[in-house]
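Take a look at the structure set out below.
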């Protein structure tokens, strides 16, 4: 039995229009899953859907604003109507805002909480009932290594982001322990610094920062595109049938030193 074979499964990926979400969608398809792609930018979703269909898998693009309950409810209802089941949910949609508590605006704070915490709550709220009906599900919540560590450098201080990603850990704990009895396995991952749309125009252009990061990181570099997929696929497969409420850091060991 191939524990990582996802043939016949339907995976929902939020924040799928670019970066780690798009990479994960490709990873799911490569393992045989059909994929529902959710994000606000429908044009980018359609391009990715065409790419996935060319591999022989089904892909369905749905515009969705995870901060809006109506948008989420409609999107998940549409996905279920299209595929007839939802087996996997990757709660990946997220944003980062720099700033310390004394200079963050209330609007910035609310925005990051709406996307990173409320968004995860809303998508899970409307997916879980379908998973309960089939007594099966895999939910992977994307937190961050910044739920565990802070930063001293002004260019890296992100207090609202720290808080939101720590909240994802807490929600994962609550969901995992109450939903496992329904065959729904919930875990979280904590990515470190990866190449993505979120980082390529900021941290990856800061040469001094990258030099120091590479020196301190045991592996000696940031994460590469697609390098998070192994952990995501593990937590989305039969291989994790007895792994509940865990938080797996994927950062090359950066948080250990």
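The values are calculated or read from the model by the stated rules, or taken from the named source; none is laboratory data. Being a predicted model, the structure only gives us computed values, none of them experimental. Cβ: placed from backbone, ideal geometry, glycine included. Neighbour counts: every protein chain shown.
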Worksheet item: Got at least one residue in the range 181-192 being at pLDDT below 95, part of a helix (DSSP H, G or I) and loosely packed, with under 15 Cβ neighbours inside 10 Å?
Response: no
Item to complete: Might you let me know whether the range 140-150 holds any residue that is crowded, with 18+ Cβ neighbours inside 10 Å, within 15 Å of residue 10 (Cα to Cα) and touching a strand residue (DSSP E or B) at 6+ places or on another chain (Cβ under 7 Å)?
Response: yes
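Inspect all residues belonging to the range 69-90 and state whether any of them is outside any loop (DSSP other than H, G, I, E, B), farther than 23 Å from residue 134 by Cα, in contact with a helix residue (DSSP H, G or I) (Cβ under 6 Å, 6 or more places away or on another chain) and touching a residue at least 24 places away in the same chain (Cβ under 8 Å).
yes
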Item to complete: Tell me, yes or no, whether the range 1-10 has at least one residue that is farther than 12 Å from residue 63 by Cβ, at pLDDT 95 or above and buried (at least 24 other Cβ atoms within 10 Å of the Cβ).
Response: yes
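Matching residues to (1) farther than 23 Å from residue 26 by Cβ; (2) touching a residue at least 24 places away in the same chain (Cβ under 8 Å):
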site: 215; (1), (2): yes, no
site: 221; (1), (2): no, yes
site: 225; (1), (2): no, yes
site: 231; (1), (2): no, yes
site: 235; (1), (2): no, yes
site: 241; (1), (2): yes, yes
site: 247; (1), (2): yes, yes
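Listed here are the residues, each with its yes/no results for (1) over 19 Å from the mean Cα position of the chain (by Cα); (2) buried (at least 16 other Cβ atoms within 10 Å of the Cβ); (3) farther than 22 Å from residue 21 by Cβ.
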residue: 174; (1), (2), (3): no, no, yes
residue: 211; (1), (2), (3): yes, no, yes
residue: 215; (1), (2), (3): yes, no, yes
residue: 233; (1), (2), (3): no, yes, no
Discussion item. Could you go through the range 47-62 and let me know if any residue there is in a loop (DSSP other than H, G, I, E, B) and in contact (Cβ under 8 Å) with a residue 60 or more places away in the chain.
Written reply: no
Practice prompt. Tell me which residues, restricted to the range 11-25, are surrounded by 22 or more Cβ atoms within 10 Å (Cβ to Cβ), touching a helix residue (DSSP H, G or I) at 6+ places or on another chain (Cβ under 7 Å) and outside any loop (DSSP other than H, G, I, E, B).
Written response: 11, 12, 13, 14, 22, 23, 24, 25
